[in-house]
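Chemist: What follows is a structure written as structure tokens; I'll ask about it next.
All of the numbers you see were taken from the coordinates with simple rules; none came from a lab. Please read all numbers here as calculations on a predicted model, not as lab measurements. Counting neighbours? That spans all protein chains shown, and the Cβs are built from the backbone with ideal geometry, glycine included.
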Ligand SMILES: [Zn+2]
């Protein structure tokens, strides 16, 4: 007979304020992954925080796991009011039918924003509190890119963030949260949480938490594990492409009933982040034609140019034409092949009506990204008509193959424009090989991503240049008109001054 009934679940979405497309219920139901009730763990090929909850809770014979809801969908715009209501309805229904619950382990992303509610994660926490009351412990396992809010601190018992980027420790993050919940329920610990917000807004570095200033900062709080009285430390360097009132980094310390220790550690970490701010800025970006000029001047091949603003994995459409326009204008200055890929099913179907060797005139790109570019009309020779899938070189998804739909390759002098039916996640040299081109022998390979090229091109690239193109996930954050983020915010306000507040609210164990 189980004594403790623990509800588990999670809702995952990273909401980009500069992406036009709102998130509809079907983005979770049809295009994402959604499970209700026992399906949350029955359909469990999962390798996420929920898997971590289950792993820890199952080992305790006193615990009955009550799976509530898990919902996730890929990064895009803000959740519509309908979508928030839809998810809230399911969550309420599950909580009401669950019977008594003694505790909750929940995995919100932490950077979920709505068109009418800025802090959707905090809103769902309110739903928990309304249904369960104020005393049931709730422990959160967050993505470290969470935009931590006052509601998240006040309405949870404790929260922990992932400690790696790329996030290779999400299962462990769930396990840590579940242990905190069990220790709280058994009376072994009384979590006290202190969170200091830090006015920094920068894109994630290429190498994530593996090197550089971000690694130093993550190492700092991970070392707290050795301090007596510390339950957990987290640093949340937020999701930068979100224009919300509580934007910014967060240093979070959770101690066992020791507010002074939590306060001191969170302050020290926040101060260290602020002092490191200039070392956290992204690498130099060049206007597209300047990036091409620099790439053309490098000895050998290939040279990589990244268009990070159009990163498909970051919520961008991938069909922005600004870099293509620059390549078309500069192609004669490049000695060797120049490669670019755009997803464009409309153009693919037009080209598929032709034969290899034909000349076609077709409008390409700028059909999904209607905010930051326009379609371009090109006249080109059809060089290849084929179809996917392709091998998944980019490792951005777990599957061995990546779906592309139809693939066509157009030649415009030394420019090779590859078009596909589908968006493609991450840099995939296999795409060009499928189209009959060896990308490592091309002079310039352009990538519609700001990350992942170290795995795929790092060992061969003679140089990498970042093109500063407009788009949904530009690394040049001052490009955007932020209306809601608190100011000053570094580097939007380059000479921002900031001093730690003397005391920030400590949420005492519920
Ligand atoms: Zn993340």
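Chemist: Within the stretch 126-153, name every residue whose backbone N is under 19 Å away from a label modeled 7 Å from Cα of residue 455 along the Cβ vector.
Modeler: 144-145
Chemist: Quick check: residue separation of residue 492 and residue 386 times 0.36 nm, minus the Cα distance between them. What number comes out in nm?
Modeler: In short, 33.6 nm is gained.
Chemist: Okay, moving on. Semi-axes of the equivalent ellipsoid for the stretch 285-474, please: Cα gyration tensor eigenvalues, times 5, square-rooted, ordered largest first, whole Å.
Modeler: 21, 19, 17
Chemist: Contour minus end-to-end for residue 354 and residue 374, with contour as 0.36 nm per residue of separation and end-to-end as the Cα-Cα distance? Please list the in-between numbers first.
Modeler: On the way: separation 20, 0.36 × 20 = 7.20 nm, distance 2.45 nm.
The span from residue 354 to residue 374 would gain 4.7 nm if fully extended.
Chemist: Counting only Cα atoms, I'd like the Rg/Rh figure for the chain, Kirkwood definition for Rh. Walk me through the numbers before you get to the answer.
Modeler: Numbers: Rg = 24.1 Å, Rh = 24.0 Å.
We get a ratio of 1.00 for the chain.
Chemist: Next up: Using r as the Cβ-Cβ distance of residue 499 and residue 59, and R0 as 60 Å, what FRET efficiency do you calculate, to the nearest 0.05?
Modeler: Taking R0 as 60 Å, the efficiency between residue 499 and residue 59 is 0.85.
Chemist: Same structure again: Based on the Cβ-Cβ distance of residue 433 and residue 42, what FRET efficiency does E = 1/(1 + (r/R0)^6) give at R0 = 56 Å, to the nearest 0.05?
Modeler: Computed FRET efficiency for residue 433 and residue 42: 0.90.
Chemist: Give the relative contact order (percent, whole number) for the chain; include only Cα pairs under 8 Å separated by 6+ residues.
Modeler: Once normalised by length, the contact order is 16 percent.
Chemist: Here's a follow-up. Would you mind getting me the FRET efficiency between residue 127 and residue 31? Use the beta-carbon distance for r and R0 = 22 Å, nearest 0.05.
Modeler: For residue 127 and residue 31, the calculated efficiency is 0.40.
Chemist: Please report the spacing between the Cα centers of the stretch 351-377 and the stretch 412-459 in Å, no decimals.
Modeler: Result: 18 Å between the Cα centres.
Chemist: Next up: Taking Cα atoms, how many degrees apart are the long axis of helix 81-97 and the longest axis of the chain, rounded to 10 and kept between 0 and 90?
Modeler: That works out to roughly 40 degrees.
Chemist: What do you get for the angle between helix 170-185 and the principal long axis of the chain? Use alpha-carbon atoms, 0 to 90 degrees, nearest ten.
Modeler: The two axes meet at around 10 degrees.
Chemist: Please report the Cα spread of the stretch 4-280 along all three principal axes, rounded to whole Å, starting with the longest.
Modeler: That gives 49, 48, 32 Å along the principal axes, largest extent first.
Chemist: To test your reading of the geometry: what angle, between 0 and 90 degrees and rounded to tens, separates the Cα axis of helix 259-275 from the longest principal axis of the chain?
Modeler: Tilt of helix 259-275: around 20 degrees.
Chemist: Then there's this: Each label point is 7 Å from the Cα along the Cα-to-Cβ direction; what then is the distance between the points at residue 275 and residue 116, in nm?
Modeler: Once both label points are built, they end up 4.7 nm from each other.
Chemist: Could you let me know the centre-to-centre spacing of the stretch 182-234 and the stretch 84-120, using Cα atoms, in angstrom?
Modeler: 25 Å
Chemist: Moving on to the next point. Pairs of alpha-carbon atoms within less than 8 angstrom and 6+ residues apart define the contacts here; what relative contact order does the stretch 406-510 have, in percent?
Modeler: Relative contact order, the stretch 406-510: 14 percent.
Chemist: When ranked by the protection proxy of mean other Cβ atoms within 10 Å per residue, highest first, what sequence do the peptides 463-471, 160-168, 451-459 form?
Modeler: 463-471, 160-168, 451-459
Chemist: Can you give me the relative contact order of the stretch 156-205 as a percent, contacts being Cα pairs under 8 Å and 6 or more apart?
Modeler: Details: 20 pairs, mean separation 18.3, N = 50.
Relative CO of the stretch 156-205 lands at 37 percent.
Chemist: Per 0.36 nm of contour for each residue apart, how much would the distance between residue 81 and residue 286 grow if the chain were fully extended, relative to their Cα-Cα spacing?
Modeler: Extending this stretch completely gives an extra 69.9 nm.
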